Structures are given as structure tokens and as C-alpha cells.
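Asks: The structure follows.
The values are calculated or read from the model by the stated rules, or taken from the named source; none is laboratory data. None of these values were measured; they are calculated from a predicted model. Note: ideal-geometry Cβ built from the backbone for every residue, glycine included; neighbour counts use all protein chains shown. Heads up: the accessible areas ignore ligands, DNA and RNA and are worked out on the full protein's heavy atoms, side chains in. Shrake-Rupley method; radii C 1.70, N 1.55, O 1.52, S 1.80 Å.
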Amino acid sequence: MDTLYLTDLDGTLLGADSRLSERSARALRRFYDEGIAVTVATGRSWTALDVLAGAPLRAPMVLLGGARVFDATRGTILREHVLPRGCLCAALEILRGAGLCPLLYTQDARDEQRIYYERGADAAVHAYVAGLRARGDDRLREVLRLEERLEEKAFYLTARGERAALEPLLPQIQRLGAHAYLFYGARTEGCFVEITPVSKRAGVEALRALTGARRIVAFGDNGNDEGLFAGADLRVAVRNATPGILALADRVIGENTQDAVVRCIAGMEGLDPERL
């Protein structure tokens, strides 16, 4: 494989409604028909498959922020990393010590995603939970302590706060052996510290080995795409990206609401972006 195009989903390939536009879906189908390989690197889990139902991808995809590489055509997990129990317990204490109310994302014994929050969590967490439930999300569970659920596969730990309070926590958490970064919400106001076993760079390196791609072109918009950019050969940011991602980019294109990713790929492959 010569070139593999690797794109983030929310804020990058997906529109403001966090869905794949019909134009982007049609373009992705055409790309595969013409032998152009495109896949995703996202913080999402199985929900990535739902939003991509209009354009099933045949190359392996990176899920859970780099923690899982998944072959959707065969339904098999190719690579997987989880947060070790000791690391999780120490990270939870760091977050609580800073006055934060963490949420824990896991995959249970049936590999179904669960989002756990603690009894007594603050108003912001309860508003987040209420918003997800209003949209029909059934992943949420209240527990007394998050440590009760550490027998499940833990991929993601997060907490909302002010940037000034969150930034000093990053080196503390990274010393535990986890990957930590700041993420700026789109639909939800505020800044989040996000903790994962690895960065998207691990997913990029796995895809390079699995596909034999000689060049990887990455598209991103937010803090968790720093690892994506670190592993890529060409880094492309959408115009609505955070300042940090814009500074790392080799090229800046239009906004996610303008089908900018598929238009860019079409142009790089000699196709007319206006005829997608």
C-alpha cells in the first residue's frame, strides 16, 4: 500500500451533528471503489461503526484513542491495550486530590461499553449524564467508588475542570505510565483531562505494520490527535482545530462542517472535489 489516509471522527470527518454527511459517505465509498485506502483513528469505541454505517471501511480502524485496533470487516480485535489496575487507582487519587469528579469508560465481560460515575459527583457530571441519557445512551452506571469496576477492561478515564488546574496533573499521570492530554469539548463546554493506556500514535504504528503503508496522511482537530500527528508522515488540521493542533499541522484545510477531509483526499488523489 502506498498511502493510507487516517482521520479522526468528531470535529474532523463528522459534521457539527457528530454524523457523517451524505457527501462524505458517498466520497468514502468512491475512494474504496477506486483503491484509495481511508480509515479512522478515534476516541470512540463501537459507536464508530454506527456513524460509519453509510460508508463501511475495509482497512483496520483505530478505536479508543489508540488502545484498540479493530478489523471491522471480520469483527476481530487486532491490537489492544488497557489501563493497568495500579495505574488506574493512582490516577483516580490524583484526580480526586485535585477536587475533580472522574468518569471511567470500560468494556465489560460481553465487550459492551460502560461509563461509570460516582455517587455524589458534582452538578457538571450529572448534567453530562442527563444529556447522554436524554439521547438514549444506556451505557451509564452509578457506583459508590469507581474502583468497584476495575475487573473490567478500562480504556479511558476523564474529568472536567479548568485548564489551569488540569495542566499540572498531566506530568503526574504520565509518570504512572499512562497517556494524558487535554481535550476541549465541542458540544460540552470546558476542558477535560483524558487518560488512556497509549496515544493514537500506537494505533498509527500498528496500522503501518498491518497494512504496509509507506505513507500515512493524518487528519485531526483536538488534543488526542497529537499522537496521531506524531506517527504520521503528513499532518493535516481542519480549520476548526485547537491552536495546538493547528501549530503541529503541515497543512490546514476547511472546517469539518464543509466535508473538508474528503475534499482534501480527493484533491490529493487527482479527483475533482466538486464532483464527489
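Asks: Report the residue, chosen from 170, 64, 28, that carries the largest GNM mean-square fluctuation when the chain is represented by alpha-carbon nodes joined by springs under 10 Å.
Replies: With Cα springs under 10 Å in the chain, the top fluctuation among 170, 64, 28 is at 170.
Asks: Does the range 166-276 come out rounded, prolate or oblate, given a ≥ b ≥ c as the square roots of the eigenvalues of its C-alpha gyration tensor, rounded meaning a/c under 1.5 and, failing that, prolate meaning a/b above b/c?
Replies: Since a/c reaches 1.5 but b/c is at least a/b, the shape of the range 166-276 is classed as oblate.
Asks: Hey, another quick one. Using the Cα centre as the reference, give the magnitude of the dipole from point charges on the C-beta atoms of the range 160-245 (Lys, Arg: +1; Asp, Glu: -1; all else neutral), rounded to the nearest 20 debye. Provide the component values of the computation, followed by the final result.
Replies: Values: 11 positive and 9 negative charges, 58 e Å.
Roughly 280 debye, rounded to the nearest 20.
Asks: If I compute solvent accessible area with a 1.4 Å probe over the protein chains, what percent of it on the chain is carbon and sulfur?
Replies: Answer for the chain: carbon and sulfur cover 48 percent of the accessible area.
Asks: Which order do 146, 210 take when ranked by solvent-accessible area (1.4 Å probe, heavy atoms of all protein chains), largest first? Can you show the working numbers first?
Replies: Details: 146 0, 210 70 Å².
Of 146, 210, the descending order of accessible area is 210, 146.
Asks: Something else about it: Please compute the net charge surrounding residue 8, taking Lys and Arg as +1 and Asp and Glu as -1 over other residues with Cβ under 9 Å from its Cβ.
Replies: Counting the neighbours of residue 8, the net charge comes to -2.
Asks: Where the only charges are on Cβ atoms (+1 Lys, Arg; -1 Asp, Glu), what is the dipole of the chain about its Cα centre, to the nearest 20 debye?
Replies: Result for the chain is approximately 260 debye, rounded to the nearest 20.
Asks: Here's another thing I want to ask about it. From the backbone phi of the range 242-254, what are the Karplus-calculated ³J(HN,Hα) couplings (6.51 cos²θ - 1.76 cosθ + 1.60, θ = phi - 60°) in whole Hz, Gly and Pro given as x?
Replies: Each residue's phi maps through the Karplus curve to give 5, x, x, 6, 4, 5, 8, 6, 7, 8, 10, 10, x Hz.
Asks: Non-local amide H neighbours of residue 78 (under 5 Å, H modeled in plane, Pro and chain starts lacking H): which ones?
Replies: Under 5 Å from the amide H of residue 78 lie the amide H atoms of 69, 70, 71, each far enough along the sequence or on another chain.
Asks: Can you pull the accessible area of residue 114 for me, 1.4 Å probe, Å² to the nearest 10?
Replies: 30 Å²
Asks: Quick one: order 76, 3 from most to least accessible surface, probe 1.4 Å.
Replies: 76, 3
Asks: Sticking with this structure for a sec: Where a ≥ b ≥ c are the square roots of the eigenvalues of the C-alpha gyration tensor, would you call the range 1-40 rounded, which needs a/c under 1.5, or, failing that, prolate if a/b is larger than b/c, or oblate? Mind showing how you got there, number by number?
Replies: Working: a/c = 4.50, a/b = 1.57, b/c = 2.86.
Oblate.
Asks: Right, another one. By the scheme Lys and Arg +1, Asp and Glu -1, what is the net charge of all other residues having a beta-carbon under 10 Å from that of residue 144?
Replies: Summing Lys and Arg as +1 and Asp and Glu as -1 gives -2.
Asks: Ok, one more. Excluding residue 26 itself, calculate the net charge of residues whose Cβ lies under 11 Å from the Cβ of residue 26, where each Lys or Arg counts +1 and each Asp or Glu counts -1.
Replies: Within the 11 Å Cβ shell, the charges total +1.
Asks: Nearest 5 is fine: what % of DSSP beta bridges in the range 1-123 come out antiparallel, could you say?
Replies: Percentage antiparallel, nearest 5: 70.
Asks: Please give me, ordered by residue number, the GluC sites (Glu not before Pro) of the range 31-112 that lie in loop per DSSP and have at most 12 other Cβ atoms within 10 Å.
Replies: In loop regions of the range 31-112 (DSSP not H, G, I, E or B), the sparsely surrounded GluC sites (Glu not before Pro) are 34.
Asks: Rounded to the nearest 500 deg cm²/dmol, what is the calculated helix-only ellipticity per residue at 222 nm for the chain, with -39500 (n - 2.57) per DSSP H run of length n ≥ 4?
Replies: -8500 deg cm²/dmol, from helical runs alone.
Asks: Residue by residue, what Karplus-based ³J(HN,Hα) values in Hz, rounded to whole numbers, does the range 17-33 have, using 6.51, -1.76 and 1.60 with θ = phi - 60° and x for Gly and Pro?
Replies: Result, rounded to whole Hz: 8, 6, 10, 7, 5, 4, 5, 5, 4, 4, 5, 4, 4, 5, 4, 5, 4.
Asks: Then there is this: In the range 164-244, with Lys and Arg counted as +1 and Asp and Glu as -1 at Cβ, which of these residues, 199, 178, 236, has the Cα nearest the positive end of the dipole, that is, farthest along it?
Replies: Toward the positive end, the furthest listed residue is 236.
Asks: Given the peptides 15-24, 99-108, arrange them by the average over their residues of other C-beta atoms within 10 Å, most packed first.
Replies: Put in order of decreasing packing, that is 99-108, 15-24.
Asks: Also, quick follow-up: Ignoring ligands, DNA and RNA, what accessible area per residue does the range 191-276 give at 1.4 Å, in Å²? Display every interim value, and only then the final one.
Replies: On the way: 3340 Å² over 86 residues.
About 39 Å² of surface per residue is accessible.
Asks: Related question: So what are the radius of gyration and Dmax for the Cα set of the chain, in Å?
Replies: Taking only Cα atoms of the chain, I get Rg and Dmax of 18.3, 56 Å.
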